[in-house]
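One structure is given below, encoded as structure tokens.
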Amino acid sequence: MNGWASLPLLPTSLVGSYPQPGWLVDVDALRALRVPRTRAPQVWRVPADRLEEAQDDAARLAVDDQERAGLDVVTDGEVRRESYSNHFATALEGVDPMRTAAVLGRGGHEVTVPVVTGPVRRRGPIGVRDVAFVRARTGRAVKATLPGPFTMAEQSETTHYGDRRALAMDLADAVREEAAALLEAGADVVQLDEPWLERFPERAFAYGAEVVNRAIEGLPGTIGLHVCFGYGSLIADKPATYTTLAVLADTAAHQVSLEAAQPHLELAPLRVLSDKTVVLGVLDLRDEQVETVATVAERIRRALEQVPPERLALAPDCGMKFLPRHVAYAKLSAMAEAAAIVRAELGERPAGTETKGATAR
């Protein structure tokens, strides 16, 4: 097992998701749902009694693709999920997956969400088997992802609580319990996905850092925080600045993962994150044209003007699940090659030297 500290400079990873095989998921049906907040069993092409086996096979393929592409940190590609958040949120006690309501989504359109009918609690392990599955099949560092409590609170109908902050705090307790179990199962880094911090910055400034910190307090491993503007294939126009960088700086997260390629992010404000590793998006997922290695390398060099190399990590802008798989693989390969070039310029040995010998077991 490789901890984050043992990785080379400019370590590379997914944000979380990788394209699910077409034999597993009806991608057109999934895209029509955009990002489902409630359960969406209709997107699976495999019968329920064979689904776990099929998802295991897809996870093996995702890990293999990441290793062949040269990534330093791997995930299971989130292949068992219909979205980044619904898999976890709808497994919690107090969340009724059979009752739904509507809230306004990030684009101003109505989104169907689950109804919270009682106190929210974690019933037991949700993604522990998934992490153990990946841990047993790779010698590289492993990342696990969870939806953040602030985002889940915003994606819920809050009849029972009334006070959205109180709901977020209970969700934080559930997330902390699950994150601890994922670290115990072999995750080297646990990433909380909190895109809705940017959707509702006024509430983010009021209690966003408090909620995130409650979710990660006392955890023994490396904790990341991902904040994005949405999947590139679904959202064309993205702002060039984050409004909540000060909130992210106030969290106890060790890493902050941000989009930069598609939105042409202004990089100077990242200096406010001076005590954190910045996991920067260097792959534009709106554009299905594969970036050249030179293009990605130049994006890395520009980032290094604002973030020192020991605090910079590399990733796609956001999850890759809506891309064609061959495009996603080629983009990851370009990122790994670009990282190797820039590492060499910084005087470090080529990317993957520490882990190239690891093969799937």
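The values are calculated or read from the model by the stated rules, or taken from the named source; none is laboratory data. On a predicted model such as this, the values are computed, not experimentally measured, just so you know. Please note: Cβ atoms are built from the backbone with ideal geometry, for glycine as well, and neighbour counts cover all protein chains shown.
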Across the stretch 49-77, the tally of residues that are assigned to a loop (DSSP other than H, G, I, E, B) and among the β-branched types (Val, Ile, Thr) stands at 1
Practice task
Consider SER6 carefully, then state whether it is under 21 Å from ALA132 (Cα atoms) and crowded, with 20+ Cβ neighbours inside 10 Å.
Solution key: no
Looking across the stretch 8-42 at residues that are among the hydrophobic types (A, V, I, L, M, F, W, C) and modelled with pLDDT under 95, the single one that is nearest to GLU288 (Cα to Cα) is VAL27
For the stretch 207-227, the count of residues that are in a loop (DSSP other than H, G, I, E, B) and either at negative phi or β-branched (Val, Ile, Thr) (or both) equals 4
